[in-house]
């Protein structure tokens with residue numbers, strides 16, 4: 001009787017342990033993922049705006065779009081996101097004339113469920 005109880009306890013503990021280990025890490029919901037991607041976009045914007053101000057180049061990065069799409073068949077990257085920026089570059093020449101260029105740039109991200117964060121998607 002004691003051996004049966006011990007065997008049953010070990011079996012239940014093993015089943016619970018294996019079930020817990022085999023499941024994929026749970027990630028945040030779509031709204032939270034969008035908020036995290038927006039934080040990544042704001043960090044990228046802050047890192048790149050006006051980095052060449054000493055050279056007379058003024059840049060303004062504006063977040064133009066932010067998209068999050070679920071990919072349930074991809075366990076390694078269940079969510080993909082894109083951030084679109086409208087970048088305005090103002091350059092002053094020696095005569096004081098300001099030249100303005102505008103460019104659109106998109107960055108692709110994947111959500112890593114193990115790290116629980118967005119990372120750049122490299123092709």
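The values are calculated or read from the model by the stated rules, or taken from the named source; none is laboratory data. Nothing here was measured: the structure is a model prediction, and the numbers come from that model. Please note: Cβ atoms are built from the backbone with ideal geometry, for glycine as well, and neighbour counts cover all protein chains shown.
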(request) Determine whether the stretch 95-104 contains at least one residue that is modelled with pLDDT of 95 or more, surrounded by 12 or more Cβ atoms within 10 Å (Cβ to Cβ) and in contact with a strand residue (DSSP E or B) (Cβ under 8 Å, 6 or more places away or on another chain). (result) no
(message) Take the conditions touching a helix residue (DSSP H, G or I) at 6+ places or on another chain (Cβ under 8 Å), over 20 Å from residue 114 (Cβ atoms) and either at pLDDT 90 or above or in a helix (DSSP H, G or I) (or both) and apply them to residue 66. Does it pass?
(response) yes
(request) Please enumerate the residues belonging to the stretch 102-123 that are outside any strand (DSSP E or B) and under 24 Å from residue 86 (Cα atoms). (result) 121, 122, 123
(request) Considering only the stretch 47-63, state which residues are exposed (fewer than 14 other Cβ atoms within 10 Å of the Cβ) and in contact with a helix residue (DSSP H, G or I) (Cβ under 6 Å, 6 or more places away or on another chain). (result) none
